[in-house]
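Everything below concerns the one structure shown next.
The values are calculated or read from the model by the stated rules, or taken from the named source; none is laboratory data. Since the model is a prediction, treat every value here as computed from it, not as a measurement. As a convention, Cβ positions derive from the backbone with ideal geometry for all residues, glycine included, and neighbour counts pool all protein chains shown.
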Amino acid sequence: MTKSVTARIPEAFNGIQYNTCKNPKCVNFGLNPHDHPNAYTIQSGGKAFPLLKCKECGETPPIKSNEGISDEIARLLAHTMGDAPLTCSDEACSNHLVPVGTKKAYRRFGTTASGTQRYRCNVCLKTVSKPKHDSRQRDTYHNIDIFKMLVNKVPLSRIVEMLGISWSLLYNRIDYIHSQCMAFAGNRESKLSTMDFERLNISVDRQDHVINWSERKDKRNVVLSAITSVDNTSHYVFGVHPNFDGNVDRADIETMALENNDDSLNAPMRKTARYWLDVDYEKSSSISHKKQLKANALLSRIDSKYQDICNREDVENFDEKTKEEQLPSYGIQIHAEYTMIAHFYYLKALMPNVKKWRFFLDQESGIRAAVLAAFKDEVKAHTAEAFYVSINKEMTVDAKRHLTNDARARFKEIKVDYPDMTDAQIKLELLKQAIAAVKEIGLWKDRWVKHPLPDMSEPEKAMCWLTEHDTFDADHVAWLYNKATIHGVDSFFEKIRRRVQMFERAIRSSADNGRAWYGYAAYNPSIVGKLLDIFRVVHNYIDVRKEDGVKSTPATRLGLAKAPVTYKEVLYYE
């Protein structure tokens, strides 16, 4: 590899080098191209779109900006960082930058008019206090009602009418509730870094959320994609991350791109690489990559997804824009693959003391690449495994019931033939038989196994072991396949649709030309992220499940809480 070619691959940034071979069976898997220049070449995938080609296995993953990934990780982790420490404001004082709480540096000095604790510096005698989040609020008695209504299927318009409040007051309270939820969750989740986990079984999928058009003359939707990870055991939701940042001014980013001449650079070398810009939208919407592929058979359904992926310019980018979509008018949309990649680095940073990771993923090449890049060292050490899981999400309830009854009948017949075996032993044997009948599908020749015993929640289930190796014995492998499920994340998505009115299904019309009007959907994309964050906290810490007389929440089952908390405790968290 020549020096000029090496320069086309971004250097590692903050310890992140995403641009490596992502084939776990290849000797070049995870090798940094700057440390191993003879392992790769550069191949063009289109104008300003370079691909990294592995000389050993021939895979050609798209190149991404490591700095862009690092910035996105920081955005996702921001809530765990907490507020800046409270210190003396006098820059000439020796206590400047010395945080309140340091022994003999400060002492309590009454409270402010809004009731916030005040401290006096023991050196310069100046006082300092941290403002309360609700110090500017009046008539706060509606706050808990609004909090509960937001997560219990009450539309925003009905909240305004029922409580007799203004729209501006409602949006102000949503901002306040969101900030309190994030502060509460950040404090609790910062403790995850000190906790030890023997094993985590995490299901990962993404859910699209559509923003209604705000002008009759421009009836195009904004589509945000939120990647979500759920612990299948405790059902704790570690993150719901939409590809949108409402704290960034899109005009400022467009100006930055112009000043840096980003349009003349390869995509991964741009300072604005992770953002959707106008030029990106024009390029993406001018080319249609979507084909109408109809498949009913299980293996055909899986293969059609591979065909769809191969039709993309960037195999890791699933959020290519069409003429029926637009970019948000304020804030900025992030290329979804950057949010997806950052999501897995976020999990790793959030929980550094996990001995064994087990990821069960929706069939999406971007998710595959993201987990294999973020956990490449663990994959090499066989302490992280990844599986694709495919199920028929379009099947009717009657069809699911028929399929499940057939599976139960077959199982009863098999039990008659093996009277000395337990149900678990029979299930294990059926799984091993299914693994022996593995089918290779798609461009990457992924090996798919059809589950012999489908159930109502996951009909026509098939699994693919992406990190396959021969370290485990046959029984261990069979039970790994049996653990493969995305039910945890799917049930959370269903709960969101059932509990938050804004995330209901679209009302479609044959005259819409692919557009959809969502009766209760947002017009403001930032509201989507805020309500997802709020609902995640309610699901993890407040919603109770009762088993054998014991009340628990995902947080108590994971070990982050000793008991369920109340809406009031979250709302007035200090």
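Condition check ((1) hydroxyl-bearing (Ser, Thr, Tyr); (2) more than 19 Å from residue 18 (Cβ to Cβ); (3) touching an Asp or Glu at 6+ places or on another chain (Cβ under 9 Å); (4) in contact (Cβ under 8 Å) with a residue 12 or more places away in the chain) across all residues:
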position	(1), (2), (3), (4)
355	no, yes, yes, yes
384	no, no, yes, yes
420	no, yes, no, no
431	no, yes, no, yes
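Return only the number of the condition from (1) closer than 27 Å to residue 242 by Cα; (2) not in a strand (DSSP E or B) that residue 47 does not satisfy.
Exception for residue 47: condition (1).
Could you look through segment 479-496, keep only residues that are hydrophobic (A, V, I, L, M, F, W, C) and buried (at least 21 other Cβ atoms within 10 Å of the Cβ), and pick out the one that is farthest from the chain's Cα centre (by Cα)? Talk me through it step by step, then tell me what you get.
First, the residues of segment 479-496 that are hydrophobic (A, V, I, L, M, F, W, C): 479-480, 484, 486, 489, 492-493, 496.
Next, from what is left, pick out any that are buried (at least 21 other Cβ atoms within 10 Å of the Cβ): 484, 486, 489, 492, 496.
Details: 484: 18, 486: 14, 489: 10, 492: 13, 496: 15 Å.
Checked segment 479-496; the qualifying residue farthest from the chain's Cα centre (by Cα) is 484.
Any residue that is among the hydroxyl-bearing types (Ser, Thr, Tyr), outside any helix (DSSP H, G or I) and in contact with a Phe, Trp or Tyr (Cβ under 8 Å, 6 or more places away or on another chain) - is there at least one of those in segment 392-410? Even if it seems obvious, please write down each step before you answer.
So the first thing to find is which residues in segment 392-410 are among the hydroxyl-bearing types (Ser, Thr, Tyr), and the list is 396, 404.
Keeping just the survivors that are outside any helix (DSSP H, G or I) gives 396.
From the residues that got through so far, the ones that are in contact with a Phe, Trp or Tyr (Cβ under 8 Å, 6 or more places away or on another chain) too are none.
No, every residue in segment 392-410 fails to be among the hydroxyl-bearing types (Ser, Thr, Tyr), outside any helix (DSSP H, G or I) and in contact with a Phe, Trp or Tyr (Cβ under 8 Å, 6 or more places away or on another chain).
More than 29 Å from residue 539 (Cα to Cα) and basic (Lys, Arg): which single residue out of 461, 415 fits that description? Before you say what the answer is, go through the steps one by one.
On the way: 461 fails: more than 29 Å from residue 539 (Cα to Cα).
415 is the lone residue from the list that is more than 29 Å from residue 539 (Cα to Cα) and basic (Lys, Arg).
Of the conditions (1) part of a loop (DSSP other than H, G, I, E, B); (2) crowded, with 18+ Cβ neighbours inside 10 Å; (3) over 19 Å from the mean Cα position of the chain (by Cα), residue 173 fails just one. Which one is it?
Of (1) part of a loop (DSSP other than H, G, I, E, B); (2) crowded, with 18+ Cβ neighbours inside 10 Å; (3) over 19 Å from the mean Cα position of the chain (by Cα), only one is false for residue 173: (1).
Would you mention how many residues in segment 414-439 are aromatic (Phe, Trp, Tyr) and surrounded by fewer than 11 Cβ atoms within 10 Å (Cβ to Cβ)?
Narrowing segment 414-439 to residues aromatic (Phe, Trp, Tyr): 418.
So of that shortlist, the ones also surrounded by fewer than 11 Cβ atoms within 10 Å (Cβ to Cβ) come out as none.
Residues flagged as aromatic (Phe, Trp, Tyr) and surrounded by fewer than 11 Cβ atoms within 10 Å (Cβ to Cβ) within segment 414-439 amount to 0.
Do the conditions hold for residue 442, that is, is it modelled with pLDDT under 85, touching a Phe, Trp or Tyr at 6+ places or on another chain (Cβ under 6 Å) and either among the aliphatic types (A, V, I, L, M) or surrounded by 15 or more Cβ atoms within 10 Å (Cβ to Cβ) (or both)? Walk me through how you get there before you give the answer.
Numbers: modelled with pLDDT under 85: yes; touching a Phe, Trp or Tyr at 6+ places or on another chain (Cβ under 6 Å): yes; either among the aliphatic types (A, V, I, L, M) or surrounded by 15 or more Cβ atoms within 10 Å (Cβ to Cβ) (or both): yes.
Spelling it out, residue 442 is indeed modelled with pLDDT under 85, touching a Phe, Trp or Tyr at 6+ places or on another chain (Cβ under 6 Å) and either among the aliphatic types (A, V, I, L, M) or surrounded by 15 or more Cβ atoms within 10 Å (Cβ to Cβ) (or both).
Quick test of your reading of the structure: residue 310 fulfils all but one of (1) modelled with pLDDT of 90 or more; (2) under 17 Å from residue 22 (Cβ atoms); (3) surrounded by fewer than 17 Cβ atoms within 10 Å (Cβ to Cβ). Name the failing condition by number.
Here residue 310 meets the rest and fails (1).
Residues checked against (1) surrounded by 13 or more Cβ atoms within 10 Å (Cβ to Cβ); (2) within 32 Å of the chain's Cα centre (by Cα); (3) modelled with pLDDT of 90 or more; (4) in a strand (DSSP E or B):
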position: 103; (1), (2), (3), (4): no, no, no, no
position: 125; (1), (2), (3), (4): no, no, no, no
position: 147; (1), (2), (3), (4): yes, yes, yes, no
position: 159; (1), (2), (3), (4): yes, yes, yes, no
position: 178; (1), (2), (3), (4): yes, yes, yes, no
position: 187; (1), (2), (3), (4): yes, yes, yes, no
position: 191; (1), (2), (3), (4): no, yes, yes, no
position: 201; (1), (2), (3), (4): yes, yes, yes, yes
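Can you confirm whether segment 58-69 contains a residue that is over 25 Å from the mean Cα position of the chain (by Cα) and assigned to a loop (DSSP other than H, G, I, E, B)?
Yes; the residues of segment 58-69 include at least one that is over 25 Å from the mean Cα position of the chain (by Cα) and assigned to a loop (DSSP other than H, G, I, E, B).
Does residue 463 satisfy being outside any loop (DSSP other than H, G, I, E, B), over 17 Å from residue 473 (Cβ atoms), in the same structural domain as residue 412 (by TED's automatic domain parsing) and out of contact with any Cys (no Cβ under 8 Å at 6 or more places or on another chain)? Talk me through it step by step, then tell me what you get.
Numbers: outside any loop (DSSP other than H, G, I, E, B): yes; over 17 Å from residue 473 (Cβ atoms): yes; in the same structural domain as residue 412 (by TED's automatic domain parsing): yes; out of contact with any Cys (no Cβ under 8 Å at 6 or more places or on another chain): yes.
So residue 463 passes the test.
Mind counting the residues in segment 433-456 that are of a type in the set (Asp, Glu), closer than 19 Å to residue 485 by Cα and free of Cβ contacts under 8 Å to residues at least 40 places away in the same chain?
Keep residues of segment 433-456 that are of a type in the set (Asp, Glu), which gives 440, 446, 455.
Still in the running and closer than 19 Å to residue 485 by Cα: 446, 455.
Checking which are free of Cβ contacts under 8 Å to residues at least 40 places away in the same chain leaves us with none.
Final tally of qualifying residues: 0.
Residues being in a loop (DSSP other than H, G, I, E, B), modelled with pLDDT under 65 and aromatic (Phe, Trp, Tyr): count how many of those fall in segment 482-527.
Result for segment 482-527: 2.
Results for (1) at pLDDT 95 or above; (2) buried (at least 19 other Cβ atoms within 10 Å of the Cβ), shown as yes or no for each residue.
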residue	(1), (2)
318	no, yes
334	no, yes
337	no, yes
341	yes, yes
360	yes, yes
390	no, yes
397	no, no
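Could you say whether any residue in segment 365-379 is within 30 Å of residue 277 (Cβ to Cβ), touching a Pro at 6+ places or on another chain (Cβ under 7 Å), at pLDDT 85 or above and not basic (Lys, Arg)?
There is at least one residue in segment 365-379 that is within 30 Å of residue 277 (Cβ to Cβ), touching a Pro at 6+ places or on another chain (Cβ under 7 Å), at pLDDT 85 or above and not basic (Lys, Arg).
Any residue in segment 43-56 that is under 23 Å from residue 279 (Cα atoms) and at pLDDT 80 or above sitting within a Cβ distance under 6 Å of a residue that is part of a loop (DSSP other than H, G, I, E, B) and not hydrophobic (A, V, I, L, M, F, W, C)? List the pairs, counting only those 6 or more apart or interchain.
43/60; 50/8; 50/266; 51/45; 51/60
Check 107, 120 and return the single one that is exposed (fewer than 12 other Cβ atoms within 10 Å of the Cβ), at pLDDT 85 or above and outside any loop (DSSP other than H, G, I, E, B). Give the derivation first.
Working: 120 fails: exposed (fewer than 12 other Cβ atoms within 10 Å of the Cβ).
Step by step, each of 107, 120 is checked, and only 107 is exposed (fewer than 12 other Cβ atoms within 10 Å of the Cβ), at pLDDT 85 or above and outside any loop (DSSP other than H, G, I, E, B).
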